[in-house]
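The values are calculated or read from the model by the stated rules, or taken from the named source; none is laboratory data. Just so you know, these numbers come straight off a predicted model, no measurement behind them. Cβ atoms come from the backbone with ideal geometry, glycine included; neighbour counts cover every protein chain shown.
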Amino acid sequence: MKVFPDLSSRIPPCEKCESLCYSIFCVLDHNELSFLSQSKTHHLYKKGETIFEEGKYPQGLYCIYSGKVRVHKFRSAGKEQILRFAKKGSVIGYRALLSDDKYHASATAIEDTELCFFPKSAYQSQIVSNPALSAQIIRLLSLDLKQAEQKAVNMIQKQVKERIAETILMLKEFFGLEQDNTTINTILTRESIGNIAGTTTESTIRALSDLHKSRIIALVGKRIQVLDNKELIKVANLSD
């Protein structure tokens, strides 16, 4: 774990954090936020560095101040399965911390990422003393469960092309678009896109090619441009 005290000049205390309004800590009062701030340390992870590893026990909670993270598992033959992404204002590693269990997945920075780390004791004391924070955690866990259930349903009910279209929409929402307002602001391999959608690399390539031929998306090297968002939503079998 890499601690960077000099980041404290860049990263504000919790009560002044611009991400507070959409963080789970938004329900805490000034004194409670101040307590958290006094207990936290600051960490910088370069692109590609591991934040925590599957199978290790958590020592605290991570909150993303800047940057983006992928949460993933390694399957047989060392293949990676991407479970979700997290960005500014998100907390990671909370489920293992709550259940006092090992991490069920790993977390890796997908760009240079600054994190606040709250020791286990400080985080748990706030949960015990503040029912509103406990409710926030329950909502977060419920959302995780809902998304996992939806992914399981999609695997059974949706065709590969539908799942790939939905994955592209998710990537567009999470990473945003470049200045041309069509290109998704990230580069992922076809294998990674397939891992997210729950399909093989070969099937992913075919589905992307079909969407490209239909001029719903454009493939420019490893980048994806969304040309017809409404049609992409229709292919994904989602409500606009």
(request) May I ask you to list pairs of residues, at least six apart or on different chains, whose Cβ atoms are under 9 Å apart, with the first in region 3-22 being more than 18 Å from Pro119 (Cβ to Cβ) and in the same structural domain as Lys40 (by TED's automatic domain parsing) and the second being at pLDDT 90 or above and of a type in the set (Val, Ile, Thr)? (result) Ser19/Ile64
(request) Check off (1) more than 27 Å from Arg10 (Cα to Cα); (2) assigned to a helix (DSSP H, G or I); (3) touching a Pro at 6+ places or on another chain (Cβ under 8 Å) for Ser34 and give me the number that stays unchecked. (result) (1)
(request) Specify which of the listed residues (Ile64, Ile82) is free of Cβ contacts under 8 Å to residues at least 60 places away in the same chain and either of a type in the set (A, V, I, L, M) or in a loop (DSSP other than H, G, I, E, B) (or both). (result) Ile64
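Residue-by-condition table, conditions (1) outside the structural domain of Phe85 (by TED's automatic domain parsing); (2) in a strand (DSSP E or B); (3) without any contact (Cβ under 8 Å) to a residue 40 or more places away in the chain:
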position: Asp180; (1), (2), (3): yes, no, no
position: Ser192; (1), (2), (3): yes, no, no
position: Ile196; (1), (2), (3): yes, no, no
position: Glu202; (1), (2), (3): yes, no, yes
position: Ile205; (1), (2), (3): yes, no, yes
position: Ser209; (1), (2), (3): yes, no, yes
position: Arg215; (1), (2), (3): yes, no, yes
position: Ala218; (1), (2), (3): yes, yes, yes
position: Gln225; (1), (2), (3): yes, yes, no
(request) All but one of (1) under 21 Å from the mean Cα position of the chain (by Cα); (2) at negative phi hold for Asp210, so report the exception by its number. (result) (1)
(message) Let me confirm something: among Leu98, Leu36, which residue is assigned by TED's automatic domain parsing to the domain that holds Lys16, more than 26 Å from Leu171 (Cβ to Cβ) and in contact with a helix residue (DSSP H, G or I) (Cβ under 6 Å, 6 or more places away or on another chain)?
(response) Leu36
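Within region 169-178, work out how many residues are part of a helix (DSSP H, G or I) and among the small types (Gly, Ala, Ser).
Residues that pass the stated criteria total 0.
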(message) Among the listed residues Phe52, Phe25, identify the single one that is crowded, with 19+ Cβ neighbours inside 10 Å, within 16 Å of Lys120 (Cα to Cα), in the same structural domain as Asn130 (by TED's automatic domain parsing) and in contact (Cβ under 8 Å) with a residue 60 or more places away in the chain.
(response) Phe25
(message) Taking the conditions exactly as written (of a type outside the set (Asp, Glu), assigned by TED's automatic domain parsing to the domain that holds Asn31, exposed (fewer than 14 other Cβ atoms within 10 Å of the Cβ) and in contact with a Gly (Cβ under 9 Å, 6 or more places away or on another chain)), does Ser121 satisfy them or not?
(response) yes
(message) part of a helix (DSSP H, G or I) and among the hydrophobic types (A, V, I, L, M, F, W, C): is that true of Leu188 in this structure?
(response) no
(request) Have a look at Val153, Val128 and point out the one that is out of contact with any Leu (no Cβ under 7 Å at 6 or more places or on another chain), more than 26 Å from Leu28 (Cα to Cα) and of a type outside the set (D, E, K, R). (result) Val153
(message) Among the listed residues Glu162, Glu173, Glu166, Glu149, identify the single one that is touching a residue at least 60 places away in the same chain (Cβ under 8 Å), within 18 Å of the chain's Cα centre (by Cα) and at negative phi.
(response) Glu166
